[in-house]
Amino acid sequence: EIKSLEEQFDAKIARDEKIEPKDWMPEKYRKTHIRQISQHAHSEIVGMLPEGNWITRAPSLRRKVALLAKVQDEAGHGLYLYSACETLGITREQMYEDLHSGKAKYSSIFNYPTVTWADMGAIGWLVDGAAIINQVPLCNTSFGPYARAMVRVCKEESFHQRQGYEIMLSLCNGSEEQKEMAQDALNRWWWPSLMMLGPTDAESTHTAQSMKWKLKRKTNDELRQQFIDQTVPQADILGLTIPDPDLKWNEETGHYDFGEIDWDEFWQVVKGHGPMNKSRLDARRNAWENGAWVREAATAYADKQREGKEE
Ligand code: ACO
């Protein structure tokens, strides 16, 4: 019996075998991977900005070293992900153009401002915490280059989460003002961190198909619940209050119940109307334009090297 390419592909997915760049794949599988991986790459690159904002103002040399390392890791994650995405037949130039023109999406979470040092703690603890929960299942995603990139990314994310939580711990063990600063950061970052994991399953356009392809291994709502269940006890250790009056342990389900998420706010931010959307895109466009001379010089140098070899 001769199987069609599509049947062979489905059988591979069913056997949990990786799909590699040169393997046959349905056009929709390719497209949806380009969409998700490029959005993910853009998120890493734009995600450097809110924290980059605090590098010069870190309160000690040790904090500065850790923050610098973390922001550099994010650049690395972006570059792996752009490379993984290129294997699907899109150029890096095209991806950059889509980001700079505002066509491409990147994570909503990076469109909020970082106003105090405690935000570095809250981002590491909550945003990287949510990122790990989202990305650990992706280590097992069906597309080989994406899955392999995620292994290293997740290791680095767990260092990021710890450095953030440790900042929160120090602030919470510090003065009254420091503890208030930590609580204020939690108040501002809690809800956006829940939104970051994506719309509810009922509203999620891609989840059903992505679960079938094993691109996604868990749904947005499952990941959100896991994040809440993991994070509430961590807030208790800090002695901070999660800003949700409806948050309550549910004996029957074995999970925390939580309040209504403001999905209008989420979609406003996704559509470009969050507090920092304009500033983030301006920063990326300026970096691209101001870096033109570096690209030109590197290309000219590469051309010269090539000419030298031909002679
Ligand atoms: N911010 C911006 N857009 C979002 C977000 C978000 N937090 N969540 C969902 N969306 C968009 C989706 O991109 C999709 O839009 P599109 O059709 O134009 O692409 C739409 O909302 C509907 O959402 P879903 O159908 O749920 O989309 P999807 O199946 O892709 O799930 C998710 C969204 C969970 C973010 C998934 O893409 C994913 O796991 N991505 C990889 C991880 C990632 O990108 N993390 C970024 C932050 S982590 C970090 O950088 C530190």
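Annotation: amide H of residue 255 within the under-5 Å range of 250, sequence separation 5 or more or interchain, hydrogens built in the peptide plane. Rounded if a/c is under 1.5, else prolate if a/b beats b/c, else oblate: with a ≥ b ≥ c from the C-alpha gyration tensor eigenvalues square-rooted, which is the chain? Judged from the Cα gyration tensor, the chain comes out oblate (a/c at least 1.5, b/c at or above a/b). If you plug the beta carbon distance of residue 310 and residue 170 into 1/(1 + (r/R0)^6) with R0 = 51 Å, you get a FRET efficiency near 0.30.
On the beta carbon distance between residue 35 and residue 60, with R0 = 35 Å, the FRET formula returns roughly 0.30. On full extension, the segment bounded by residue 178 and residue 87 gains 28.1 nm, given 0.36 nm per residue less the C-alpha separation.
Dipole size of the chain about its Cα centre, with +1 on Lys/Arg Cβ and -1 on Asp/Glu Cβ: approximately 960 debye, rounded to the nearest 20. Residues whose amide H comes within less than 5 Å of that of residue 19, counting only those at least five positions distant or on another chain, are 143, 144 (H built at 1.01 Å from N in the peptide plane). Note on region 1-116: lysine pairs with Cα distance below 15 Å, sequence gap of 8 or more or different chains, count 4.
For region 143-192, GluC sites (Glu not before Pro) meeting the loop criterion (DSSP other than H, G, I, E, B) and having at most 10 other Cβ atoms within 10 Å: none. Counted residue by residue at 0.36 nm each, then reduced by the alpha carbon distance between them, the extension gain from residue 293 to residue 10 reaches 97.2 nm. Round to the nearest 0.05 the FRET efficiency obtained for residue 162 and residue 22 when R0 = 51 Å and r is the Cβ-Cβ distance. Efficiency, from the Cβ-Cβ distance: 0.85. When shorter helices are ignored and each DSSP H run of at least 4 residues is given -39500 (n - 2.57), the per-residue value for the chain at 222 nm works out to -21000 deg cm²/dmol. For region 146-260, what class follows from the C-alpha gyration tensor (a ≥ b ≥ c being the square roots of its eigenvalues): rounded when a/c is under 1.5, otherwise prolate if a/b is larger than b/c, else oblate? Note, shape of region 146-260 comes out oblate.
Taken together, the values in this text are just the output of simple stated rules run on the coordinates, not laboratory data. Remember, it's a predicted structure, so these values are computed and weren't measured experimentally. Note that we place each Cβ from the backbone using ideal geometry, even for glycine, and neighbour counts take in every protein chain shown.
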